[in-house]
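Following: one structure in structure tokens, then a few remarks.
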Amino acid sequence: MYHHGWSDYQHGVHVKSLTPDGSDISINYGGLLNNSGASQVFLHTGFGNPMQWNIVEDYRMQHTPEGWKKTLNMEDGQLTFCFRDSAGNWDNNNGFNWTYKIV
């Protein structure tokens, strides 16, 4: 089964699988921080249980004409993430973050 990904169009978040098994993904972000003119956006991630993040990392995202983009490897079957800019502003989906799960 090919894992295509999902989108939260309202918040400008799109996850796309780059491999048939879903192990490599691309996250595109055009949400609040992008629309506020952030000069840099970081992807803040954690794997496993969304209530207790493991392997927590911040990744610098690349600016594109559509917003911000980062490609990464799924180190676990479930990824929880949100975004921050270089000024310390966060977009965390109103405290709920976003979750992508390989099914």
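The values are calculated or read from the model by the stated rules, or taken from the named source; none is laboratory data. It should be emphasised that the depicted structure is a prediction, and the values quoted were computed from it without experimental measurement. As a convention, Cβ positions derive from the backbone with ideal geometry for all residues, glycine included, and neighbour counts pool all protein chains shown. For the accessible areas, the whole protein counts, side chains as well, though only heavy atoms, and no ligand, DNA or RNA atoms are used. Shrake-Rupley method; radii C 1.70, N 1.55, O 1.52, S 1.80 Å.
Tabulated values for the structure
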{"read-out": "Flag for residue 88 being at positive phi and open to solvent by less than 50 Å² (accessible area, probe 1.4 Å)", "value": "yes"}
{"read-out": "Boolean, residue 95 is small (Gly, Ala, Ser), open to solvent by less than 80 Å² (accessible area, probe 1.4 Å) and in contact with a Phe, Trp or Tyr (Cβ under 9 Å, 6 or more places away or on another chain)", "value": "no"}
{"read-out": "The range 73-89: number of residues that are of a type outside the set (Ser, Thr, Tyr) and touching a residue at least 40 places away in the same chain (Cβ under 8 Å)", "value": "9"}
{"read-out": "Among (1) in contact (Cβ under 8 Å) with a residue 40 or more places away in the chain; (2) open to solvent by 10 Å² or more (accessible area, probe 1.4 Å); (3) not aromatic (Phe, Trp, Tyr) - the single one residue 48 does not satisfy", "value": "(1)"}
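The rows are residues; the columns are (1) open to solvent by less than 30 Å² (accessible area, probe 1.4 Å); (2) at pLDDT 95 or above.
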site	(1), (2)
2	no, no
24	no, no
31	yes, yes
38	yes, yes
44	no, yes
